[in-house]
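Contents: one structure, followed by commentary.
The values are calculated or read from the model by the stated rules, or taken from the named source; none is laboratory data. This is a predicted model, so every value here is computed, not measured. No Cβ is skipped: glycine too gets one built from the backbone with ideal geometry, and neighbour counts run over all protein chains shown. Areas reflect the complete protein model, heavy atoms only, side chains present, ligands, DNA and RNA absent. Shrake-Rupley method; radii C 1.70, N 1.55, O 1.52, S 1.80 Å.
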Amino acid sequence: SLNKMNYIRLRKNNLCVENLPAHKLAKKYKTPFYCYSLAQLKNNYHAVNNAFKTIKPIICFSIKSNSNLALLKELKKMGAGADVVSIGELLKATKVGISAKKIVFSGIGKTEEEIRMAIKKRVLLINAESESEVNLINKISKKISIKTSIGIRLNPNVTGKTHKKISTGGKNEKFGLVYKDFINLCKKISKMKNLKLEGISVHIGSQITNVKPFKEVLSAINKIINKTKINFKFIDLGGGMGISYTKKGRQLNLKQYAQLVNKFIKNKNSKIIFEPGRFIIGNTGILITKVIYIKKSNAKNFIILDAGMNNLMRPALYDAHHQILPLKKTNNFLKGNIEFVGPICESADKFSKEKRFQKIKEGDFVGLTNVGAYGMSLSSNYNTRPTIAEIIVKGSKHKIIRKRQSLQNLVNN
Ligand code: LLP
């Protein structure tokens, strides 16, 4: 469907990022590194924008999925707002010029410092998740004589049918307020002088590829609106739009989702907000890494890469599969038990098991695909390894958009 256009693909047996064979980059930049396609980013943003063009939503890119400043700047140019969850993300959003009027602040544990900053910057909405937080926002707003726009996050008791570690909408999760508490809090807020209740927000989880849970969310919101009779200025539907991680995998059908939202919004004069991360940035990135050693052990071939779980955490954390592609395709195959692993001292540091893979040798390069979302942003210095570089490709041009952390910086911190 809509974002299927693929700018990272095989061309004449070379894995290419736009017009550039990835092996050229691998020879130029020290591996491992992340590499993004700008055309893919634009394509994805416009796919979301187009799918919902009849309702013109505010698209708040979820910065936690990827906070690279150069990429954020590009998204800002396309018209994106931001979904932020920390003071750091808030400052990055404003640093690239995203207007506060397009920023929503989410999260269950906002600190006083974060709330004060969000109030002062007059962000579009602070999406509150507890009564205590609402009280604190009111108190700080009063001190500085501001009437702050807030939303309340509903816990709709809908599970997104996704990995349990990225499902947030069930009633036993820590997120949002359940129906009764939501209704009660609305009443209390109506008496608070320094708050304007302008929004209702939801986010039921990430990597959701079926529209059914979204449909359930919309009816949960309708239930709240019917009960409270509040004419919310903003209805923030969160992120969660799933992408395909394999050739035959499925992504969320945006067209179907849009149909549901169009129907839902009819006869309401609310503005829809979305907070997509993965759908916009996920398939824009690959992680290019070198085969350091190949080791045969029992009946296994371990392919030891120079990228590890500190660079890409998703396989270790969620058993996520990121397809591994050789940068140069041949037709000679290795068969048997092949395991791609990283260099980290943990047995969870493995990327994939294959029964058949192209014959590769030490010194060859491979790319882990669809790592644009929650790749770099989840990475760490574990094993005292530097954070790695990020490169952007635009047509046949390429440049560094974040430098590899220097050893000096690494060692002195
Ligand atoms: N809005 C809120 C309130 C969120 O908590 C999230 C993600 C998003 C929006 C963006 O969701 P997306 O459109 O990217 O699905 N590290 C995990 C994903 C964690 C998602 C956390 N919240 C992973 O690598 O799969």
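Computed from backbone phi with θ = phi - 60° and the Karplus coefficients 6.51, -1.76 and 1.60, the 3J(HN,Hα) list for segment 272-281 is 8, 10, 10, 10, x, x, 3, 4, 8, 10 Hz; x is used for glycine and proline.
Taking a quarter of the surface of the Cα convex hull of segment 303-413, what do you get in nm²?
Mean shadow area of the hull around the Cα atoms is 8.3 nm².
Taking the convex hull of the alpha carbon positions in segment 31-102 and averaging its projected area over all directions gives 5.3 nm². Amide H contacts under 5 Å for residue 16: 9, 10, 11, 22, restricted to partners 5 or more places along the chain or on a different chain, H placed in the peptide plane at 1.01 Å from N. Over segment 51-164, accessible surface divided per residue gives 42 Å², non-protein components excluded, 1.4 Å probe. Only beta bridges with both residues in segment 129-241 are counted; by DSSP, about 10 percent of them are antiparallel.
Per-residue 3J(HN,Hα) values for segment 323-338, derived from phi via the Karplus relation 6.51 cos²θ - 1.76 cosθ + 1.60 with θ = phi - 60°, read 4, 9, 10, x, 6, 10, 7, 10, 10, 9, 10, 9, 10, x, 9, 10 Hz in sequence order (x marks Gly and Pro). To put it simply, the accessible area of the chain at a 1.4 Å probe is 50 percent carbon and sulfur. Extent of the chain along its three principal axes (Cα atoms, max minus min coordinate, largest first): 70, 48, 41 Å. Taken one residue at a time, the phi angles of segment 13-30 give Karplus couplings (6.51, -1.76, 1.60, θ = phi - 60°) of 6, 10, 6, 10, 10, 6, 9, 10, x, 4, 5, 5, 5, 5, 7, 7, 9, 5 Hz. Gly and Pro are set to x. Of the residues 34, 63, 19, the one whose Cα sits farthest toward the positive end of the charge dipole of segment 1-78, with +1 on the Cβ of Lys and Arg and -1 on the Cβ of Asp and Glu, is 19.
Computed on the chain, with alpha-carbon pairs under 8 angstrom and 6+ residues apart, the relative contact order is 19 percent.
Probing with 1.4 Å while keeping every protein chain in the model, the per residue accessible area of segment 289-352 equals 48 Å². Do the alpha carbons of any pairs in 64/110; 24/355; 76/102; 143/193 sit beyond 21 Å of each other, and which pairs? Table pairs above 21 Å Cα-Cα are 24/355.
Beta-bridge orientation, the chain: approximately 50 percent antiparallel, per DSSP, counting only bridges with both partners inside.
Of all DSSP bridge pairs formed entirely within segment 263-413, close to 85 percent run antiparallel. Taking all protein chains as they are arranged and a probe of 1.4 Å, the heavy atoms of residue 116 leave approximately 80 Å² accessible to solvent.
Below 8 Å, C-alpha to C-alpha, sequence gap of six or more: please give me the relative contact order for segment 1-110 in percent. RCO, segment 1-110: 19 percent. Net charge in the neighbourhood of residue 45 (other residues with Cβ under 12 Å of its Cβ; Lys, Arg +1, Asp, Glu -1) is +2.
Setting aside same-chain residues fewer than 8 positions from residue 56, which aspartates and glutamates have a Cα under 20 Å from its Cα? Cα-Cα hits under 20 Å: 74, 83, 198, 236, 275.
Going by average Cβ density within 10 Å per residue, which order do the peptides 374-383, 279-288, 349-358 take, highest to lowest?
On the way: 374-383: 18.4, 279-288: 29.0, 349-358: 16.7.
For the peptides 374-383, 279-288, 349-358, the packing ranking is 279-288, 374-383, 349-358.
Dipole orientation for segment 129-238: of the candidates 234, 167, 134, 134 has the Cα lying most toward the positive pole (charges on Cβ; Lys, Arg +1; Asp, Glu -1). For residue 149, the residues 5 or more places off, or on other chains, whose built amide H falls under 5 Å of its own are 196. State which entries of 247/271; 121/263; 350/403; 187/255; 53/399 exceed 28 angstrom in Cα-Cα distance in the structure shown. In this structure, 247/271; 121/263; 187/255; 53/399 exceed 28 Å between Cα atoms. Of all lysines in the structure, the ones whose alpha carbon falls short of 19 Å from that of residue 171, not counting any fewer than 8 places away in one chain, are 161, 180, 212, 215, 223.
What order, most packed first, do the peptides 92-104, 27-39 have when packing is the mean number of other Cβ atoms within 10 Å of each residue? Intermediate results must be reported in sequence, preceding the final value.
Details: 92-104: 18.7, 27-39: 20.5.
For the peptides 92-104, 27-39, the packing ranking is 27-39, 92-104.
Angle check, please: helix 131-143 long axis (alpha carbons) against the longest principal axis of the chain (alpha carbons), in degrees 0 to 90, nearest 10. Helix 131-143 and the main axis of the chain meet at about 70 degrees. Between segment 216-238 and segment 314-365, the C-alpha centres lie 46 angstrom from each other. For residue 397, the accessible area of its heavy atoms, probed at 1.4 Å with every protein chain present, is near 140 square angstrom. Using the alpha-carbon atoms, what tilt in degrees (0 to 90, nearest 10) does helix 69-78 show relative to the longest principal axis of the chain? Roughly 60 degrees between the two axes.
Amide H contacts for residue 33 (H built 1.01 Å from N in the peptide plane; partners 5 or more residues away or on another chain; cut-off under 5 Å): 288.
Sorting the segments 209-221, 294-306 by their residues' average number of neighbouring beta-carbon atoms within 10 angstrom, most packed first, yields 209-221, 294-306.
The calculated P(r) of segment 249-355, using every Cα pair and 5 Å bins from 0, goes 2, 9, 15, 18, 14, 10, 8, 6, 6, 5, 4, 2, 1, 0 in percent.
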